[in-house]
1. Using Cα-Cα distances under 8 Å and only pairs 6 or more residues apart, what relative contact order does the stretch 109-192 have, in percent?
2. Please work out the FRET efficiency for the pair residue 362 and residue 55, using the Cβ-Cβ distance as r and a Förster radius of 41 Å; give the result to the nearest 0.05.
3. If the viscosity is 0.890 mPa s and the temperature 25 °C, what translational diffusion coefficient in µm²/s does Stokes-Einstein give for the stretch 108-220 when Rh comes from Kirkwood over Cα pairs?
4. Provide the descending list of Cα extents for the stretch 232-384 along its principal axes, expressed in whole angstroms.
5. Is the shape of the stretch 299-382 best called rounded, prolate or oblate, per the rule: a/c under 1.5 gives rounded, else a/b larger than b/c gives prolate, else oblate, with a ≥ b ≥ c the square roots of the Cα gyration tensor eigenvalues?
6. Averaging sequence separations of C-alpha pairs under 8 Å and six or more residues apart, then dividing by the length of the stretch 299-382, give the relative contact order as a whole percent.
7. I'd like the orientation of helix 159-169 relative to the chain: the angle between its Cα long axis and the longest Cα principal axis, in ° from 0 to 90, rounded to 10.
8. Taking N as the number of residues in the stretch 20-84, what value does Rg over Cα atoms divided by 2.2 N^0.38 Å take?
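What follows draws every value from the coordinates through simple rules; no lab data is involved. Note that this is a predicted model, so its numbers are computed, not measured. Virtual Cβ from ideal backbone geometry, glycine too; neighbours counted across all protein chains shown.
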């Protein structure tokens, strides 16, 4: 019996040991398998990450190289900008010297003028001559060069004074009369005391303006009306009192609006039509008010004009081109930018010239032929 029990005990112990060994072996095999499996996965991930890292490092190298190139280009551009600034500064100095020289030469012509006729004035008495339609900064400087500083002086100009003034400041013949400098100057002289009262009176006439048709605008939206040939500082001020601030509003004027505005601001009848405010305003709306840029483009292309055939003319010999039906102040200004000043030059235009000028001035194709500029110019040149 005892022997049997011992045998059984020995058998159980052996089985237990065997089971334990089997479990241990399974655990080891499982661990090794798992370790190998995860090692394989992580090795792949490690390789992938290392590959990405290598790509990133290459990208960094490339970016550093690109950055270095960009920095070099920036330096080159900075040097180029610096060089251009020097050129611009030099040109500005040369322009100022040229301008000063021109004003000095104009000042030397003071002897041509009869100051006993229109009087003398000093800088301390200076008026803003740009308030007169037709006088911009350029002409104002020239007037100052011959000691014309006040509205009162201009208001006393005679026909002879105008003729000698044109010679002295090298101004367009007929422009002073056409722009009615004297009448405007007289008004500004007489209104010195009553200006505020007049502007108040104009403001009370707003009810006559058809804002539902021309549109409304605020002062903050104001365009520079002096870009419209024929509008000076004084007329601009009157229009502002009527809450007319933009090119778009003027471009919407009808004949009824023109009449209402003319009466409201006490302006010369027919002047708005003659100076083609509406046509100018429409064009300024089209070019977003960038008149200076347009004039610059036009001037840069004047080399395309065949002056050897049309002839060369100068400002102080200029005809009043607005006498040609179809040419208003705005078109005349553009023609003057390409050194076309006389009826004789226009009378010599060929079909090819017409095409070239149409493109240069950026006017509607066919306008020159439709308005018959050439035949009108031929007739007008006979009387000059």
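1. On the way: 91 pairs, mean separation 31.2, N = 84.
37 percent.
2. On the way: r = 55 Å, r/R0 = 1.34.
Computed FRET efficiency for residue 362 and residue 55: 0.15.
3. Numbers: Rh = 15.8 Å.
Here the translational diffusion coefficient equals 155 µm²/s.
4. 50, 33, 29
5. Details: a/c = 1.23, a/b = 1.03, b/c = 1.20.
Here the stretch 299-382 falls in the rounded category.
6. Values: 89 pairs, mean separation 29.9, N = 84.
Over the stretch 299-382, the number comes to 36 percent.
7. That helix lies at roughly 40 degrees to the long axis.
8. Numbers: Rg = 27.2 Å, N = 65, 2.2 N^0.38 = 10.7 Å.
Rounded to two decimals, the normalised Rg is 2.53.
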